[in-house]
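> Structure in structure tokens, see below.
The values are calculated or read from the model by the stated rules, or taken from the named source; none is laboratory data. What you see is a predicted model, and the numbers here were worked out from it, not measured in a lab. Heads up, the Cβs are rebuilt from the backbone with ideal geometry, glycines too, and the neighbour counts pull from every protein chain shown.
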Amino acid sequence: MSTAIMFSEYGAPEVLRLSEVTAPEPGPGQVRVRVRAASVNPLDMKIRSGLMAATVPARFPVVPGLDAAGVVDAVGEGAGAAAGDEVLGTAVGGGYTRYALLDRPVAKPAALSWEVAASLVTVGQTAFRVLGQLGVQRGQTLLVHGAGGSVGFIAVQLAVARGITVIGTAGERDIERVDAAGATAVRYGDGWVQRVRAAAGHGVDFVLDASGAGVLADSAALAGDRARVLTIADMTAAQHGVRFSAADADQEREGLPWLVESAASGTLRLPVRQTYPLEQAATAHADLEARRVRGKVVLLP
């Protein structure tokens with residue numbers, strides 16, 4: 001048997017309950033892990049609240065959680081890992097649990113903490129994917145909205161490493177960190193367009209919106225072409241003629257091993273802001289939604 005956080009109806013964080021469940025059995029290409037860390041992502045909260053019901057309908061009861069890292073204790077056919085291996089990956093059937101299934105697991109280097117290993121999967125793969133979808137090249141200028149957030153901060157680092165000039169909008173508390181990552185940080189809020197123009201010099205070639213803060217119309221004007229703007233956070237994208245990033249499983253799987261090695265070597269940073277015991281998942285959701293905590297949050301079963 002195992003324990004897991006589950007919800008059986010849409011609602012506030014209080015619908016998340018600790019329950020006893022049967023430990024799942026791995027299928028082909030999967031492993032079962034004793035979870036050491038599970039990442040909390042914004043999508044988890046959107047699904048729990050019912051905000052995504054039209055596109056990601058729940059089949060109750062639901063174990064939330066997209067990502068997990070842990071120690072393999074059971075292996076499916078062709079999984080590419082063995083019992084005792086330390087791995088991370090996408091959680092099949094939810095990661096907020098003591099025993100989770102991972103699909104196509106990636107080895108966790110010893111130098112990589114459990115918290116960062118679990119945190120890296122979705123946000124890292126998303127950042128890797130969107131840079132590819134934008135098509136921004138060395139020598140061009142990329143504006144990243146939400147550069148202090150998890151996806152935005154990784155995208156900044158990946159772009160800088162590729163020789164791309166990066167301008168990142170961020171809150172006051174994140175300005176120094178975004179600058180230190182090699183970008184030119186500008187404060188978001190009223191007047192951001194003027195501040196970006198002043199920082200850009202020769203202009204902006206592409207825009208990545210990781211904030212969802214209503215910046216698409218002005219971003220398209222800055223880039224001079226709606227096709228050069230991509231959002232992962234603004235559901236009004238179609239109204240502005242802007243692309244909303246779609247998942248690309250092949251591209252994401254290709255990027256994860258590289259992201260893991262980069263994080264283990266210290267060349268890629270992803271700060272984990274706070275950890276919670278598994279049974280406090282509802283508190284973690286409530287704190288994030290109330291902005292009492294900003295940044296990456298991890299559950300520790």
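> Of all residues in the range 98-153, which are in a strand (DSSP E or B) and closer than 30 Å to GLY224 by Cβ?
Result: THR141, LEU142, LEU143, VAL144, HIS145.
> Can you tell me which residue in the range 60-101 is surrounded by the most Cβ atoms within 10 Å (Cβ to Cβ), limited to those that are under 16 Å from ALA37 (Cα atoms) and of a type in the set (Asp, Glu)?
ASP67
So that you can scan it fast, the table gives a plain yes or no per residue for (1) in contact with a helix residue (DSSP H, G or I) (Cβ under 7 Å, 6 or more places away or on another chain); (2) among the hydrophobic types (A, V, I, L, M, F, W, C); (3) closer than 18 Å to GLY152 by Cα:
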| site | (1), (2), (3) |
| --- | --- |
| THR184 | yes, no, yes |
| GLN194 | no, no, no |
| GLY203 | no, no, no |
| ALA210 | yes, yes, yes |
| GLY214 | no, no, yes |
| SER219 | no, no, yes |
| ALA247 | no, yes, yes |
| PRO257 | no, no, no |
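> From the set of residues in the range 216-257 that are without any contact (Cβ under 8 Å) to a residue 24 or more places away in the chain and in a strand (DSSP E or B), which is nearest to GLY146 (Cα to Cα)?
Filtering the range 216-257 for residues that are without any contact (Cβ under 8 Å) to a residue 24 or more places away in the chain and in a strand (DSSP E or B), the one nearest to GLY146 (Cα to Cα) comes out as THR231.
> Can I ask one more? If you scan the range 45-69, which residues turn out to be under 18 Å from the mean Cα position of the chain (by Cα) and small (Gly, Ala, Ser)?
GLY65, ALA68, ALA69
> Sticking with this structure for a sec: What number of residues in the range 154-176 are under 22 Å from the mean Cα position of the chain (by Cα) and either without any contact (Cβ under 8 Å) to a residue 12 or more places away in the chain or assigned to a loop (DSSP other than H, G, I, E, B) (or both)?
Count: 4.
> While we're on this one: Of THR165, THR236, which residue is hydroxyl-bearing (Ser, Thr, Tyr) and out of contact with any strand residue (DSSP E or B) (no Cβ under 7 Å at 6 or more places or on another chain)?
Only one candidate qualifies: THR236.
> Is there a residue being among the basic types (Lys, Arg), assigned to a helix (DSSP H, G or I) and touching a Gly at 6+ places or on another chain (Cβ under 7 Å) anywhere in the range 177-199?
Yes; the residues of the range 177-199 include at least one that is among the basic types (Lys, Arg), assigned to a helix (DSSP H, G or I) and touching a Gly at 6+ places or on another chain (Cβ under 7 Å).
> Just to check your reading of the model, which residue among GLY76, GLY146, GLY80 is small (Gly, Ala, Ser) and either in the same structural domain as ASP218 (by TED's automatic domain parsing) or touching a helix residue (DSSP H, G or I) at 6+ places or on another chain (Cβ under 6 Å) (or both)?
Answer to the selection: GLY146.
> Among the numbered criteria (1) in a helix (DSSP H, G or I); (2) surrounded by 16 or more Cβ atoms within 10 Å (Cβ to Cβ); (3) not acidic (Asp, Glu), which single criterion is violated by LYS46?
Tallying (1) in a helix (DSSP H, G or I); (2) surrounded by 16 or more Cβ atoms within 10 Å (Cβ to Cβ); (3) not acidic (Asp, Glu), LYS46 fails exactly one: (2).
> So for the range 76-91 (the condition being hydroxyl-bearing (Ser, Thr, Tyr) and touching a Phe, Trp or Tyr at 6+ places or on another chain (Cβ under 9 Å)), does at least one residue qualify?
No: zero hits.
> Here's a follow-up. Could you check how many residues of the range 201-220 are over 27 Å from the mean Cα position of the chain (by Cα) and at negative phi?
Of the residues in the range 201-220, 1 are over 27 Å from the mean Cα position of the chain (by Cα) and at negative phi.
> Taking the residues in the range 258-300 that are in a loop (DSSP other than H, G, I, E, B) and among the basic types (Lys, Arg) as candidates, determine which candidate is modelled with the highest pLDDT.
Looking at the filtered set, the residue picked out is ARG269.
> Next up: Restricting the search to the range 4-24, which residues are among the charged types (D, E, K, R) and within 15 Å of ARG59 (Cβ to Cβ)?
GLU9 - this is the single residue of the range 4-24 that is among the charged types (D, E, K, R) and within 15 Å of ARG59 (Cβ to Cβ).
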